[in-house]
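Structure first, then comments.
The values are calculated or read from the model by the stated rules, or taken from the named source; none is laboratory data. Keep in mind that this is a model prediction, so the values were computed, not measured. Please note: Cβ atoms are built from the backbone with ideal geometry, for glycine as well, and neighbour counts cover all protein chains shown. Ligands, DNA and RNA are excluded from the accessible area calculation, which covers all protein heavy atoms including side chains. Shrake-Rupley method; radii C 1.70, N 1.55, O 1.52, S 1.80 Å.
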Amino acid sequence: MKSRLKEIAELADVSVATVSNVLNGRKNVGQATRERVLKICMEKGYYSSSSNKAVSSSTVMFIFSDFDREYYLQIIKGINHCLTENGYDLVICTNKSSQKFMRNNFACGMICLDRHMSDEVLIEYAKPHFPVVLMDRMIAHDYANTKSVVVDNYPVMCEMVQGLVDKGYRRFGYIGGVDFTLDHKERFAAFTDTLHHNGLTFDSRHYFHGDYSETSGYQAAKLIILSNELPEVLVCANDHMALGAFKAFEENKIKVPEDIAVTGFDNTDAAMMAGLTTIAIPRYECGYLAAKELLTMIRGQANREPVKLNATIQWRKTTE
């Protein structure tokens, strides 16, 4: 143990005490030095004595936003099945309770699908002895022990918008999600790029901000109705916003798809019942692969390349 500490200290050009302080999470070390030590530890596959407690644990944490339990259910099933097959336990918690577990070496790794948790917090906890799999973003940081398992939003959104153009739609509206999220960025980029490739100009007046909730979709649709400029098709960044818009249109005797077509993204149970054209995410598979990648990281065998999963279009009656 001491020889390994000394080796890390020599490579980082710091004292053994400094290496120990870094690995035990003490705050009395400068950020540049901390990152240099952690990078060397990751390269050498070194774990401190305190972190050995975490490594010997067989508990994995899944952190989510406590926002849409239906959406998370299949993801959790996938995670749990993979962990159970490999003799690991699963603890599910929200952002508010997660950090106390991370500080106490409660778990040996974490899967995160929580847009409220900042990159800075994730980087702070993603250490050699505590790998983190991200399901809602990609972090480019040399010293953070992270890997991303995400949906490949761009190509499938391009395919759906192209399909709408091919159906004859020309005037598009869009309800976006939370601006800083990867899902929003990729889906909106695919939307605008596909229109551009078809020689269609998207009028920014027909862009409406949402937060992925049904309420925000409902409110956006009310604004569209009040503007008296109804687009031919309204593309929504997720199903909840699309269903909220659908409700507002119904209340105002606007028929879908006769007066306006509507699409979503996610393929929730409610979307299927409503006949909503949407994009199906393989949520169970996403969860299973996230857990599988985390276990590989725990064993010190993973690379940092992100895993991107394909999604598929479900054409239904809201775009007929």
field: Test result for VAL16, open to solvent by less than 30 Å² (accessible area, probe 1.4 Å), more than 29 Å from the chain's Cα centre (by Cα) and modelled with pLDDT of 65 or more
entry: no
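Residue-by-condition table, conditions (1) touching a residue at least 12 places away in the same chain (Cβ under 8 Å); (2) open to solvent by less than 30 Å² (accessible area, probe 1.4 Å); (3) in a helix (DSSP H, G or I); (4) basic (Lys, Arg):
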residue	(1), (2), (3), (4)
VAL150	yes, yes, no, no
MET157	yes, yes, yes, no
GLN162	yes, no, yes, no
GLY173	yes, yes, no, no
- request: Just name the residue that is nearest to LEU234 (Cα to Cα) out of those in region 116-173 that are in contact with a Leu (Cβ under 8 Å, 6 or more places away or on another chain) and small (Gly, Ala, Ser).
  value: GLY173
- request: Would you mind stating whether ASP269 is outside the structural domain of ASN145 (by the TED database) and either open to solvent by less than 10 Å² (accessible area, probe 1.4 Å) or within 21 Å of the chain's Cα centre (by Cα) (or both)?
  value: yes
message: Kindly evaluate GLU251 against the criterion of being open to solvent by 20 Å² or more (accessible area, probe 1.4 Å) and touching a residue at least 60 places away in the same chain (Cβ under 8 Å).
response: no
- line: When region 126-144 is checked residue by residue, the ones that are within 19 Å of ALA32 (Cβ to Cβ) and either over 13 Å from the mean Cα position of the chain (by Cα) or aromatic (Phe, Trp, Tyr) (or both) are ALA126, LYS127, PRO128, ALA140, HIS141, ASP142, TYR143, ALA144
message: Looking at the structure I just gave you, is ARG36 of a type outside the set (S, T, N, Q), assigned by the TED database to the domain that holds LEU5, modelled with pLDDT of 65 or more and open to solvent by 20 Å² or more (accessible area, probe 1.4 Å)?
response: yes
- request: Working only within region 179-200, note down all residues that are open to solvent by less than 20 Å² (accessible area, probe 1.4 Å) and within 21 Å of ILE281 (Cα to Cα).
  value: THR181, HIS184, ARG187, ALA190, PHE191, THR194
task: Check ARG283, ARG304 and return the single one that is open to solvent by less than 30 Å² (accessible area, probe 1.4 Å) and closer than 20 Å to PHE62 by Cα.
output: ARG283
